[in-house]
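A.B. asks: I have a structure I would like to understand better, so I am pasting it below and will then ask my questions one at a time.
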Amino acid sequence: SAFAHKISDAIWPALTNQKSSFATVVAACKKVKPNHRKEHFYIYIFYPTERAELAERAEPGNKKLLVNSPTMNIMPRWNPKQPILYFSQHTPTNVRLVSVDTSKNQRVVANFDGLNMTPAFSQGGSIVISITKDGHGILCKYHYDEKNKKGFFKGITSRELHAISPSFIDENRVVFCLIKNKRPAIAILDLRSEEHTSELQSHHD
């Protein structure tokens, strides 16, 4: 019940010194068939409890349809500081990165050739995304130009590497999947030097 979750939210930080997740809003993809020729993926958000302020906006079962563009909408990921969801959306020419808020307002974040996917966020607000074109992936970091009042993404891994799936360790380091000689490895990128500083090679054949 909502009352039990509210109590748990109050107790959990006191017991564990960590933020509670009992009132977390979950985002998930659902495969749908608007016709028999092509499958689409929609994105729903799920409320863990019945809450009065959300009752009018949610479907039965605390489920709300957030993205229903007639295409593949996949890999949703929440912004850790704002109620904004990022997801990758298939278009006829690429897979772009899109954001959507809980009022269903969408905005294109990255629309480069290839696959624009997997945003990662640091506690300080830095953003890194993965862009893959022709089977080759690079990591790009978001920068904001104060003079021109415009944001842009700059590559932070060498084009010699195939890098995907970034995640922040702290403000200066990103861990990611490095595919080398067709084998996956875990690597750590130092954002100050833009060099990967260590690798843990997979022994999986």
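The values are calculated or read from the model by the stated rules, or taken from the named source; none is laboratory data. Please read all numbers here as calculations on a predicted model, not as lab measurements. Side chains included, ligands, DNA and RNA excluded: accessible areas come from the protein's heavy atoms. Shrake-Rupley method; radii C 1.70, N 1.55, O 1.52, S 1.80 Å.
A.B. asks: From (1) open to solvent by 30 Å² or more (accessible area, probe 1.4 Å); (2) under 22 Å from the mean Cα position of the chain (by Cα), pick out the condition that doesn't hold for Asn181.
C.D. replies: (2)
A.B. asks: A further question follows. Would you please name the residue that is farthest from Ile84 (Cα to Cα), looking only at residues in region 14-43 that are among the small types (Gly, Ala, Ser) and at pLDDT below 75?
C.D. replies: If we take residues in region 14-43 being among the small types (Gly, Ala, Ser) and at pLDDT below 75, then Ser20 is farthest from Ile84 (Cα to Cα).
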